[in-house]
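Laboratory data are not the source of any read-out in this text; all were calculated from the coordinates shown. For clarity, every value in this text was computed on a predicted model and none was experimentally measured. No Cβ is skipped: glycine too gets one built from the backbone with ideal geometry, and neighbour counts run over all protein chains shown.
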Amino acid sequence: MMYDLDYTAAKAALEWQVEMGVDECIGDTPINRYEVDPKKQKLKLGPSSNIAPVTVMPSVPLQDSVVDIAGIMADKCTDLTALRDAMAVFDHCALKKGAKNLVFADGNPVARVMVIGDAPVREEDQQGRPFVGEMGGLLDKMFGAIGLARDGKTAQDALYITNAMPWRPPQNRQPEVGEVSMMLPFLKRHIALVDPDVVVLMGNLACQALLGRKGISRLRGRWAEIDGRSTLPMFHPSALLQDGLKKREAWADLLTLQARLRG
Ligand code: URA
């Protein structure tokens with residue numbers, strides 16, 4: 001039987017089976033072991049035999065297992081380099097096919113503040129770095145106003161930035177829910193490895209991915225938690241570029257963040 005699995009997915013699926021206790025390779029054709037001739041079975045697996053009994057795991061539906069595979073791959077990563085490599089070889093997200101580069105992160109991972117945007121657009125895709133275009137310029141100004149920068153050297157003045165989706169969607173469309181959920185185990189692992197004091201969720205997509213909620217106008221400026229970690233939803237810079245009046249609220253949220261960091 002042929003499965004549409006690439007090398008990495010097949011390796012991850014195999015490792016999962018080994019972790020679950022599978023200790024023998026099985027063939028393409030299922031064997032009903034209850035039908036084996038008892039005499040032959042006695043010959044093979046009699047008291048003098050040292051052949052271990054076989055454990056066969058039930059099969060997992062392929063669709064469900066894609067998120068499981070992402071989870072297994074992500075959990076195995078013990079540092080950011082390993083996580084970046086794992087994301088680069090994870091081939092199940094269709095957006096990867098149309099993108100030029102993996103947009104992993106930028107800034108200093110020692111930062112107390114980790115910002116999560118939505119998805120890369122053209123410039124980010126070309127450079128492989130998040131928030132490098134016009135939106136990036138605004139984001140830098142916003143956080144610069146409270147003393148945080150990507151090139152900050154210490155936890156206190158540094159900023160670390162990533163996106164909910166590391167691949168650029170075609171025509172800059174919003175990533176679909178299924179695409180974001182598939183990459184979510186990597187995003188959660190990313191947060192765990194950076195271990196920031198505060199996660200800033202910039203816009204609806206990041207809120208939907210990590211809080212399971214949309215409606216940034218209501219969510220913004222209100223502290224929430226992801227897996228016990230403080231989280232502050234804020235307007236995305238693109239919203240501020242479209243509607244300058246939102247800058248006032250964004251400034252209030254930045255002051256809220258600054259107060260928490262000082263407090
Ligand atoms: N560029 C990014 O990297 N992320 C966004 O959310 C928007 C633009």
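For the reader, a short list of remarks on this structure follows.
- Stretch gain in nm, segment Thr256-Lys76, where the contour uses 0.36 nm per residue and the Cα spacing is subtracted: 61.3 nm
- Beta bridges from DSSP with both residues in region 62-262: antiparallel share about 25 percent, rounded to the nearest 5.
- Taken along the Cα-to-beta-carbon direction at a fixed 7 Å, the label points for Asp91 and Ser181 span 2.4 nm.
- Region 110-172 - charge dipole about Cα centre, Lys and Arg +1 at Cβ, Asp and Glu -1, debye rounded to 20: 140 debye
- Distance from the Cα centroid of region 217-245 to that of region 95-170 is 16 Å (rounded to whole angstrom).
- Judged by the gyration tensor of its Cα atoms, with axes a ≥ b ≥ c, region 161-263 is oblate; a/c meets the 1.5 cut and b/c is at least as large as a/b.
- Calculated FRET value between Trp223 and Asn172, using beta carbons and R₀ = 22 Å, to 0.05: 0.10
- Take every pair of alpha-carbon atoms less than 8 Å apart whose residues are at least six positions apart; their mean separation over the length of region 62-262 yields a relative contact order of 24 percent.
- Using the Karplus relation 6.51 cos²θ - 1.76 cosθ + 1.60 with θ = phi - 60°, the per-residue 3J(HN,Hα) values for region 93-98 come to 7, 4, 5, 4, 4, x Hz, with x marking Gly and Pro.
- Remark: the Arg122-Glu249 segment gains 42.9 nm on full extension, using 0.36 nm per residue and subtracting the alpha carbon distance.
- Counting DSSP beta bridges with both ends in region 99-212, the antiparallel % (nearest 5): 20 percent
- Seen from a random direction on average, the alpha-carbon convex hull of region 62-262 projects onto 10.4 square nanometres.
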